[in-house]
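What follows is a set of notes on a single structure, which appears directly below.
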């Protein structure tokens, strides 16, 4: 059978994740230390897990409404008011999704028409571009720079806007760089968008993980709520990745379209996860604070470690990644990652996994114990500075 | 200073340099503050939590409830002092409720515990009664879960 001619041209055109080969090598290595994980090392707090167990004991094993349990949507709306100061109507403007990823897909599919352009700051998480392509749109990378702390600037945005631009993805706090956008930075972006018919997909999945200053949502700026789809979730802030639960909030007109896609493709998010999430969002603020404090300690240790070994590393203010430059070694990101893995058994993710502009950088997660981080830093130092290497 | 104490309480093996990095402080200053806390007995000591059950030793721990007669002018402190000076005694607490002093013995054999209670504690004139409870299994000690370390079961690389 000639699969190639049978399969969707569009899907075949999307390259598989670039780190597959690398992943396979790491998986085979039994004693490798990985700094490659993009999820918390904490287990979901017990009181949250317990609510899911309780819901199962009670036999709450049915579908929920398409948009998710109303009680959960109410709590999510209260949460957004409390944390980012934006009001949404839980009945018509909030949807509970299967992770933030689904919310991203819904948003893009609900907004774009074939030929539209979706602006994607890079380096960034890997799903925006494929989602845009599958929706028939064109993804246009906006390369952000180390010297700007990987923020998106007004000038970069202005230069990329064309009459076809439909949507700007705003992935901050950013995976992989750890960059954030301050209120002033966002105001610059908002000032460009206010008089244009361009939507913003604000992916705030790491919104609770900022250090030293509170996360600001672009939806909270004047005139921006009406042109923003806000995506968030439980994975990173409450250490709930495996529960697959996120949400989107958007003006009613957009939400109605997103709900349709969700209704036909997904039906509803997992019920037990939704009950756990009610507990999380109602009583989990302290858990977030506790985990954030631990991440912050680790962040200091890892940034200090990289700078001391001569791999310059700007101090990330969000998420749980550092993105040091490895240009001084003369290696490409891929070479660096592979050689480091083979000689020191440390796994990091080459920056190129997050777009071509990630060349010259590596992403290291600090969602690990301090002991683990210290051991990894020691080995990377040995690799970089040739102390007993190879 | 509170942050330094919190960090050390979780992990006494942290060095002043490491703490300084974590808290964005000057290492000399951190060192000084730790020394100060040690001097003031705010930091009373440093210890390691050991799961002896995983070694060849099989020590016994016991919690002994004591009802005692408080002394005029001294309350319970004088009795407690007479008890905590025994090297065998790991912990002494004054309690509210059904008994007065909780005495914890660690790392003994059953016989040693029994003898200690019978020969040292029970005969004290202030001691009205004793009740000895042996610990059968330790699940969590000072915030640390004793069973095997949970394995990191995350996928090695996720984006």
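The values are calculated or read from the model by the stated rules, or taken from the named source; none is laboratory data. On a predicted model such as this, the values are computed, not experimentally measured, just so you know. FYI the Cβ positions are ideal-geometry reconstructions off the backbone, even for glycines, and counts take in every protein chain you see.
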Mind listing whichever residues of region B:102-121 are assigned to a loop (DSSP other than H, G, I, E, B) and surrounded by 15 or more Cβ atoms within 10 Å (Cβ to Cβ)?
none
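Table: residues versus (1) touching a strand residue (DSSP E or B) at 6+ places or on another chain (Cβ under 7 Å); (2) free of Cβ contacts under 8 Å to residues at least 12 places away in the same chain.
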| residue | (1), (2) |
| --- | --- |
| B:44 | no, yes |
| B:61 | yes, no |
| B:64 | yes, no |
| B:67 | yes, no |
| B:112 | no, no |
| B:116 | yes, no |
Any idea which of A:293, A:335 is in a helix (DSSP H, G or I), away from chain B (no Cβ under 13 Å) and without any contact (Cβ under 8 Å) to a residue 12 or more places away in the chain?
A:335
Restricting to region A:112-134, count the residues that are touching a strand residue (DSSP E or B) at 6+ places or on another chain (Cβ under 8 Å) and assigned to a loop (DSSP other than H, G, I, E, B).
7
When (1) assigned to a helix (DSSP H, G or I); (2) more than 14 Å from every other protein chain (Cβ to nearest Cβ); (3) buried (at least 24 other Cβ atoms within 10 Å of the Cβ) are applied to residue A:316, the one that fails is (1)
Pair list, Cβ under 6 Å, 6 or more apart: region A:1-22 residue touching a residue at least 24 places away in the same chain (Cβ under 8 Å) and within 14 Å of another protein chain (Cβ to nearest Cβ), other residue in a helix (DSSP H, G or I) and surrounded by 10 or more Cβ atoms within 10 Å (Cβ to Cβ)
A:18/A:353; A:19/A:353
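Would you mind stating whether residue A:118 is outside the structural domain of residue A:343 (by TED's automatic domain parsing), under 21 Å from the mean Cα position of the chain (by Cα) and surrounded by fewer than 20 Cβ atoms within 10 Å (Cβ to Cβ)? Steps first, please.
Numbers: outside the structural domain of residue A:343 (by TED's automatic domain parsing): yes; under 21 Å from the mean Cα position of the chain (by Cα): yes; surrounded by fewer than 20 Cβ atoms within 10 Å (Cβ to Cβ): no.
No, not satisfied.
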Return yes when residue B:7 is closer than 20 Å to residue A:371 by Cβ, within 13 Å of another protein chain (Cβ to nearest Cβ) and part of a helix (DSSP H, G or I) and no when it is not.
yes
Regarding region A:139-161, can at least one residue be identified that is within 14 Å of chain B (Cβ to nearest Cβ), closer than 29 Å to residue B:158 by Cα, modelled with pLDDT of 95 or more and within 20 Å of the chain's Cα centre (by Cα)?
no
Does residue A:288 satisfy the condition of being touching a helix residue (DSSP H, G or I) at 6+ places or on another chain (Cβ under 6 Å) and not in a loop (DSSP other than H, G, I, E, B)?
no
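Quick check on region A:236-249. Is at least one of its residues at positive phi, in contact with a helix residue (DSSP H, G or I) (Cβ under 9 Å, 6 or more places away or on another chain) and at pLDDT 95 or above?
Yes, there is a match, as at least one residue in region A:236-249 is at positive phi, in contact with a helix residue (DSSP H, G or I) (Cβ under 9 Å, 6 or more places away or on another chain) and at pLDDT 95 or above.
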With (1) surrounded by 23 or more Cβ atoms within 10 Å (Cβ to Cβ); (2) closer than 20 Å to residue B:153 by Cα; (3) within 11 Å of another protein chain (Cβ to nearest Cβ) as the list, and residue A:363 as the residue in question, which single condition is left unmet?
(2)
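Out of A:55, A:27, which single residue is in contact with a helix residue (DSSP H, G or I) (Cβ under 8 Å, 6 or more places away or on another chain) and surrounded by 13 or more Cβ atoms within 10 Å (Cβ to Cβ)?
Working: A:27 fails: in contact with a helix residue (DSSP H, G or I) (Cβ under 8 Å, 6 or more places away or on another chain).
Answer to the check: A:55.
Would you call residue A:36 surrounded by 22 or more Cβ atoms within 10 Å (Cβ to Cβ), within 14 Å of chain B (Cβ to nearest Cβ), on the phi > 0 side of the Ramachandran plot and in contact with a strand residue (DSSP E or B) (Cβ under 9 Å, 6 or more places away or on another chain)?
Details: surrounded by 22 or more Cβ atoms within 10 Å (Cβ to Cβ): yes; within 14 Å of chain B (Cβ to nearest Cβ): yes; on the phi > 0 side of the Ramachandran plot: no; in contact with a strand residue (DSSP E or B) (Cβ under 9 Å, 6 or more places away or on another chain): yes.
Answer is no for this residue.
Take the conditions surrounded by fewer than 24 Cβ atoms within 10 Å (Cβ to Cβ) and either without any contact (Cβ under 8 Å) to a residue 12 or more places away in the chain or outside the structural domain of residue A:357 (by TED's automatic domain parsing) (or both) and apply them to residue A:72. Does it pass?
Details: surrounded by fewer than 24 Cβ atoms within 10 Å (Cβ to Cβ): no; either without any contact (Cβ under 8 Å) to a residue 12 or more places away in the chain or outside the structural domain of residue A:357 (by TED's automatic domain parsing) (or both): yes.
So residue A:72 does not fit the description; no.
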Those residues of region B:70-101 which are farther than 18 Å from residue B:118 by Cβ, assigned to a loop (DSSP other than H, G, I, E, B) and out of contact with any strand residue (DSSP E or B) (no Cβ under 6 Å at 6 or more places or on another chain), in sequence order
B:70, B:72, B:73, B:74, B:85, B:96, B:97, B:98
Before we move on, is residue A:44 within 14 Å of chain B (Cβ to nearest Cβ), part of a loop (DSSP other than H, G, I, E, B), modelled with pLDDT of 95 or more and under 14 Å from residue A:277 (Cβ atoms)?
yes
Could you tell me which of the residues B:2, B:47 is within 14 Å of chain A (Cβ to nearest Cβ), exposed (fewer than 11 other Cβ atoms within 10 Å of the Cβ) and at negative phi?
B:2
Conditions (1) within 14 Å of chain B (Cβ to nearest Cβ); (2) in a helix (DSSP H, G or I) -> residue A:219 fails only (1)
